[in-house]
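Before any comments, here is the structure.
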Amino acid sequence: MNLDASSENLYNNADSFAMAFDTAWKNCDLKNNKDLNIDEKIEIVFEKIKEHPFLTSNPIQSKNVALFRIKLLGLA
């Protein structure tokens, strides 16, 4: 996911990060990849959105949001 080419605005908050994470997760098509554990999948997605302002300023909270989104949406 190229954040510069994204049509959504990026903000330094959890909501903006969650939307970017969800989109990047779907674009990576990780749901059916059973060879990777959840941390490896998150790292792949984070690499796609590595310049998101919330991820760069709050990496620990970003991981918590990612884990919450995965559980909430049944992405694992």
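Within the option set L30, L36, being hydrophobic (A, V, I, L, M, F, W, C), touching a residue at least 12 places away in the same chain (Cβ under 8 Å), assigned to a loop (DSSP other than H, G, I, E, B) and more than 15 Å from M19 (Cα to Cα) holds for one residue only, L30.
When residues in segment 50-76 are screened for being without any contact (Cβ under 8 Å) to a residue 40 or more places away in the chain, loosely packed, with under 12 Cβ neighbours inside 10 Å and aliphatic (A, V, I, L, M), 2 of them pass.
Given the criterion modelled with pLDDT under 95 and hydroxyl-bearing (S, T, Y), identify the matching residue among S7, S16. So that I can check it myself, show each step before the final result.
Working: S16 fails: modelled with pLDDT under 95.
When all the criteria are applied, what remains is S7.
The values are calculated or read from the model by the stated rules, or taken from the named source; none is laboratory data. This is a predicted model, so every value here is computed, not measured. Cβ: placed from backbone, ideal geometry, glycine included. Neighbour counts: every protein chain shown.
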